[in-house]
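Reading through the structure tokens given below for one structure.
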Amino acid sequence: MSTPSRDAIVRLSGVQKIYKLGKVEVPALKGIDLEINAGDFAVIAGPSGSGKTTLLNLIGCVDVATTGTVMVDGHDTGTLSESALTRLRLEHLGFIFQSFNLVAVLDAFDNVEFPLLLQGKLNKAERRERVEDIMASVGLTDYMHHRPNELSGGQRQRVAVARALVTKPRIVMADEPTANLDSQTGHQIIDLMKKLNQEEGTTFIFSTHDPKVMSQADRSIELIDGLVASSEVADDGRLDTPQTALV
Amino acid sequence: MITLFRIAIRNLVANTRRSLLLGGAIALVTVLLVVLSSVSNGMQANMLRVGTTLSSGHVNVAGFFKLTSSDASPMVTDYPRILKTLEDAGIKGKNIVVRGRGWGKVISDVATQMGVLVGIDVDKEKAFQDVVQVVSGDLSKMSEPNAVMLFEKQAKRLEVKVGDDVVLTAPTYRGVNNTVDCRVQVIAKDMGMTSGFSMFMNHNVLQKLYQMKPTHTGAIHIFLDDEKQADKVAAQARKALDKAGFTLMDPVPQPFFRKFQSVRREDWTGQRLDVTTWTDELEFMRKILQTFSLLTYVFIGVMLFIIIIGVMNTMMMAIRERTREIGTLRAMGMRRMWVLGMFVIEAGVLSFSSALAGSLLGAGVVSLLNAMEFKVNEAFQLFLMSDTLKLMLDVQTAVVAVAVIGTVTTLASVLPSWRAAKKPPVTAIQHV
């Protein structure tokens, strides 16, 4: 194992995740050692079934490792109670999903405001200001009172990005955020995430199959069969398109 | 919390058909509960009003006089002393009337009619004048000596009309039959079961029939401002009379005419007083009401059980459809209790709004039925004491109906909601 970095916001050591399907044990992650630094725009790549989503779930504290240690923003997630994990997700993490996962009956404004309501730290005026600012930064000022079914796929994902960032989390997790978008819209979303990463310093960890999207990342972790096959850091802030066919 | 309400209401609107079906069912049960309770309340109020006018006071001081151990007369001796004792004990009520009581038969030229004989002083019986609906004759003529009032069916059976003469006959407390010639002065509209066996006459008729002294009577009826105080006042009267030296019968919740046989078999002579309440004297009505209430509650209980299953099933469907949403919200940091609250609020909004709508609709149905003066058949008239269905909407019942049905159906959502809340976020997010 490498020497721990002082800037590491995510640190995994010896992480295994085994699913039980009846009496059959299916190992999804077979021993991951990994560090992601604060401010990284990191991509987790790999073919289907390589363990990308499982790894994101562990880092995102929605699941716990079977063995090994997962440290997120200084917290050992394996030792935390269910309510402490919930609090950790609320205070430190943001999520962007492949299918946007917006609350269908709330408009864009309410969807973005929702995490702030869960936190309960800001008053109504402060929430409004925060939501309007973030909606402006994702270019949706004119769509604040549209419901998800009145928005395009790209607009919905922008709302999801705004919802993930509105609490100013330290880390944003995104599981294949461009998979349900056309390539042009997908790149716009990645550009937006990259912009927010650079402006706010938020750590982004996302998974993708798309080599063009991967090339936007400044850190690439490639998984194959539940193991880290390669971990690459770009010197110029942009990675070369990987040679491996990730489909 | 406002956002949870907003989510709840919008989800209910989004699933219009499902919400309408379930909400409609909840509203229907509430309508039934409100209407059936109003029928029950109406019956009770009418029975109380009519029953306590024709057959009983709210509290009664009556009793039996036995000259020999084998006979029994429904008579109270020296009633002025009893009235004084009650007055001294602070028992006043809004009105106290003295009535003669007996058991005998009326004989016409063609038929006879057995029944309870009630002697009244009509001038002192304002409530009686209000309740009785005269078909022919003049109620004021009941103050004439030997005046008798019959109900329509009795008159029909005896084939008599106003102005005809009839003979009353009954065994006196001396053990011999006595008769009195009377004149039918009033024929009144039938008033249910009571009018089938009660015959009213001027108080003097019973004094003659039973050869009673002027200080003797059948019963003292005490009418209270609040009939719910009857048991308390009866206990107070028993205590006062016992203290004053009167001998009292053990309290038995039966009307006086059902006590004849048992009193005749008892081995004592002289006067014994019997203090009863309207619920004792109108025992058969009470049993009808209790049976009706029981049937109502069983029916509503069964309906409610079906609704509970419906709510649970609907919530499980809703939760299944929204599993991914639950996973998303849990991933975002929503606590389990919030997830539970979100679904319970949704069920609560639907349940309480439907129950409220049902209650208002029920109130409308009650008003409509009352306005229609819905005629009931003869069998119902017997215990309704009225030929029309009179419903009485009790606001408290309507509020309780909303509260109970709303709460029960909301609680039915707790189990499926808790299961949703307990679902691990990682499983919920991946739900397809």
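The values are calculated or read from the model by the stated rules, or taken from the named source; none is laboratory data. Predicted model only: the values in this text are computed from it and were never measured. Virtual Cβ from ideal backbone geometry, glycine too; neighbours counted across all protein chains shown. With ligands, DNA and RNA removed, areas are computed over all heavy atoms of the protein, side chains included. Shrake-Rupley method; radii C 1.70, N 1.55, O 1.52, S 1.80 Å.
Summed for both chains, how many Å² of accessible area, to the nearest 100, are buried between A and B with a 1.4 Å probe? Intermediate results must be reported in sequence, preceding the final value.
On the way: alone 11830 and 20920 Å², together 30620 Å².
Buried: approximately 2100 Å² between B and A.
Whole-Hz Karplus ³J(HN,Hα) for the range A:217-233, in order, using 6.51 cos²θ - 1.76 cosθ + 1.60 and θ = phi - 60°, x for Gly and Pro?
Using θ = phi - 60°, the values come out as 6, 9, 8, 10, 10, 9, 9, 9, 6, x, 10, 6, 7, 7, 9, 10, 10 Hz.
Which three extents, in whole angstrom, do the alpha-carbon atoms of chain A cover along their principal axes, largest first?
48, 41, 41
What does the average come to when, for each residue of peptide A:62-71, you count the partner chain Cβ atoms lying within 10 Å of its Cβ?
What the average comes to for A:62-71 is 2.
Which FRET efficiency value, to the nearest 0.05, do you get for A:K23 and B:Q430 by plugging their Cβ-Cβ distance into 1/(1 + (r/R0)^6) with R0 = 25 Å?
0.70
Provide, for q = 0.15 Å⁻¹, the log10 of I(q)/I(0) from a solvent-free Debye sum over equal Cα point scatterers in the range A:48-169.
Result of the Debye calculation: -0.74.
In 10 Å bins starting at zero, report the fraction of Cα pairs in the range B:58-281 per bin as a rounded %.
In order of increasing distance, the bins hold 8, 34, 36, 19, 3, 0 percent.
Can you give the translational diffusion coefficient of the range B:377-430 in µm²/s, computed by Stokes-Einstein from the Kirkwood radius over Cα pairs at 10 °C and 1.306 mPa s?
For the chosen part, D equals 102 µm²/s.
How many percent of DSSP beta bridges within the range B:143-277 run antiparallel, rounded to 5?
Numbers: 9 of 15 bridges.
Of all bridge pairs located within the range B:143-277, approximately 60 percent are antiparallel.
With the Cα gyration tensor of chain B giving a ≥ b ≥ c as the square roots of its eigenvalues, does the rule (a/c under 1.5 for rounded; else a/b larger than b/c for prolate; else oblate) give rounded, prolate or oblate?
prolate
Below 19 Å, Cα to Cα, which lysines can A:K52 reach? Residues fewer than 8 away in the same chain don't count.
A:K17, A:K20, A:K30, A:K212
Measuring from centroid to centroid over Cα atoms, what is the spacing of the range A:151-198 and the range B:313-370 in Å?
So the two Cα centres are separated by 33 Å.
Order B:249-260, B:4-15 from most to least packed using the mean count of other Cβ atoms within 10 Å.
Ranked from most to least packed, the peptides come out as B:4-15, B:249-260.
Calculate the radius of gyration of the Cα atoms of the protein assembly as shown to one decimal place, then report Dmax, the largest Cα-Cα distance, as a whole number, both in Å.
Expressed in Å, the Cα Rg and Dmax of the protein assembly as shown come to 42.2, 129.
Give me a single rounded figure for B:422-429: the average over its residues of other chain Cβ atoms within 10 Å of their Cβ. Before the final figure, lay out each step's value.
Details: counts 1, 0, 4, 10, 9, 2, 1, 10.
Per residue, the average neighbour count from other chains is 5.
Calculated FRET efficiency, B:I309 and A:N149, Cβ-Cβ r, R0 35 Å, to nearest 0.05?
0.60
Out of all DSSP beta bridges in the protein assembly as shown, what portion is antiparallel? Express it as a percent rounded to 5.
70
As a test question: what accessible area, to the nearest 10 Å², does B:D242 have when a 1.4 Å probe is rolled over all protein chains in place?
My reading of the accessible area for B:D242 is about 100 Å².
How compact is the range B:336-431 by the rule of thumb for globular proteins, expressed as Cα Rg over 2.2 N^0.38 Å?
So the Cα radius of gyration is 1.71 times the expected 2.2 N^0.38 Å.
May I ask you to give the solvent-accessible area per residue for the range B:288-432, in square angstrom, as obtained with a 1.4 angstrom probe?
On the way: 7240 Å² over 145 residues.
I get 50 Å² per residue for the range B:288-432.
Computed over the Cα atoms of the range B:109-201, what is the convex hull's projected area averaged over all directions, in nm²?
Average projection, Cα convex hull of the range B:109-201: 6.0 nm².
Using protein chains only (no ligands, no nucleic acids) and a 1.4 Å probe, work out which residues of the range B:325-347 have their accessible area cut by at least 10 Å² relative to the chain alone.
B:E325, B:T328, B:L329, B:R330, B:A331, B:M332, B:G333, B:M334, B:R335, B:R336, B:W338
Take B:W268, B:W103 and sort them by solvent-accessible surface of the protein heavy atoms, 1.4 Å probe, largest at the top. All intermediate terms of the calculation are to be shown ahead of the outcome.
Working: B:W268 25, B:W103 100 Å².
Listed by decreasing accessible area, they come as B:W103, B:W268.
Rounded to two decimals, what is Rg over Rh for the range A:1-117 when you use alpha-carbon atoms and the Kirkwood radius?
1.00
What order, most packed first, do the peptides B:182-189, B:131-138 have when packing is the mean number of other Cβ atoms within 10 Å of each residue? Let's see the in-between values first.
On the way: B:182-189: 21.1, B:131-138: 16.1.
Taking the mean over residues of other Cβ atoms within 10 Å, the ranking is B:182-189, B:131-138.
For B:K153, go through the lysines and keep the ones whose alpha-carbon is under 17 Å away, minus same-chain ones fewer than eight residues off.
Hits, sequence-local ones excluded: B:K105, B:K161, B:K189.
Would you mind working out the accessible area per residue for the range B:58-281, using a 1.4 Å probe, and quoting it in Å²? The partial results should precede the final answer.
Numbers: 10130 Å² over 224 residues.
Normalised by residue count, the accessible surface of the range B:58-281 is 45 Å².
Which of the pairs B:K92/B:K126; B:K92/B:K232; B:K94/B:K287 have their Cα atoms more than 22 Å apart in this structure?
B:K94/B:K287
If I stretch the segment between B:K213 and B:K124 completely, what's the gain in nm (0.36 nm per residue apart, minus their alpha carbon distance), one decimal?
30.0 nm
Using the Kyte-Doolittle scale, which helices in chain B average at least 1.0 and also have C-alpha atoms spread 15 Å or more along the helix axis, with helices defined as whole DSSP H runs?
Helices passing the filter in chain B: B:2-14, B:16-54, B:283-321, B:336-372, B:395-411.
How large a share of the accessible area of the protein assembly as shown, in percent, is made up of carbon and sulfur atoms when the probe is 1.4 Å and the other protein chains stay in place?
Carbon plus sulfur share of accessible area: 55 percent.
With a Förster radius of 30 Å, plug the Cβ-Cβ distance of B:R264 and B:L83 into 1/(1 + (r/R0)^6) and report the FRET value to the nearest 0.05.
So, using R0 = 30 Å, E works out to roughly 0.60.
Determine ³J(HN,Hα), in whole Hz, for all residues of the range B:213-221 in sequence, where each value follows from phi through the Karplus function 6.51 cos²θ - 1.76 cosθ + 1.60 and θ = phi - 60°; x replaces Gly and Pro.
Using θ = phi - 60°, the values come out as 6, x, 8, 9, 8, x, 7, 10, 9 Hz.
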